[in-house]
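Worksheet: the structure to be examined is printed underneath.
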Amino acid sequence: MIPALDAFTEGDYPEARRRFAERIAAEDASESERNVARRLINATRLERGALWVALACLGLYGLVIAVATLKQP
């Protein structure tokens, strides 16, 4: 569990998720360790709303570039 927590605190979420999933599947893990691993996997999940906000920001950026380009003398 410690290597997974180290990866989590360093910001390496894909590696942390992989290690947490291994810990959940491990037969020697206690139920409390499995619960902690499940909660931390959920904490590193990308929310759907974040994708929509990113898409909206990219669209707005493209619109600003297009308008600025068209308004050039």
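The values are calculated or read from the model by the stated rules, or taken from the named source; none is laboratory data. Since we're looking at a predicted model, the values are computed, not measured. Cβ: placed from backbone, ideal geometry, glycine included. Neighbour counts: every protein chain shown.
Numerical summary
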quantity: Matching residues, the stretch 40-73, being of a type outside the set (A, V, I, L, M), in a helix (DSSP H, G or I) and either more than 29 Å from residue 24 (Cβ to Cβ) or touching a strand residue (DSSP E or B) at 6+ places or on another chain (Cβ under 6 Å) (or both); calculated: 52, 57, 59, 61, 62, 69
quantity: Residue match in the stretch 59-72 (condition: modelled with pLDDT of 95 or more, under 25 Å from the mean Cα position of the chain (by Cα), within 30 Å of residue 16 (Cα to Cα) and among the aliphatic types (A, V, I, L, M)); calculated: no
quantity: Residue selected from the stretch 10-39 under the condition aliphatic (A, V, I, L, M) and either within 11 Å of the chain's Cα centre (by Cα) or not in a helix (DSSP H, G or I) (or both), by the criterion surrounded by the fewest Cβ atoms within 10 Å (Cβ to Cβ); calculated: 26
quantity: Among (1) exposed (fewer than 10 other Cβ atoms within 10 Å of the Cβ); (2) in contact with a Lys or Arg (Cβ under 8 Å, 6 or more places away or on another chain) - the single one residue 68 does not satisfy; calculated: (2)
quantity: Which numbered condition residue 51 fails, given (1) closer than 30 Å to residue 5 by Cα; (2) loosely packed, with under 10 Cβ neighbours inside 10 Å; (3) among the hydrophobic types (A, V, I, L, M, F, W, C); calculated: (2)
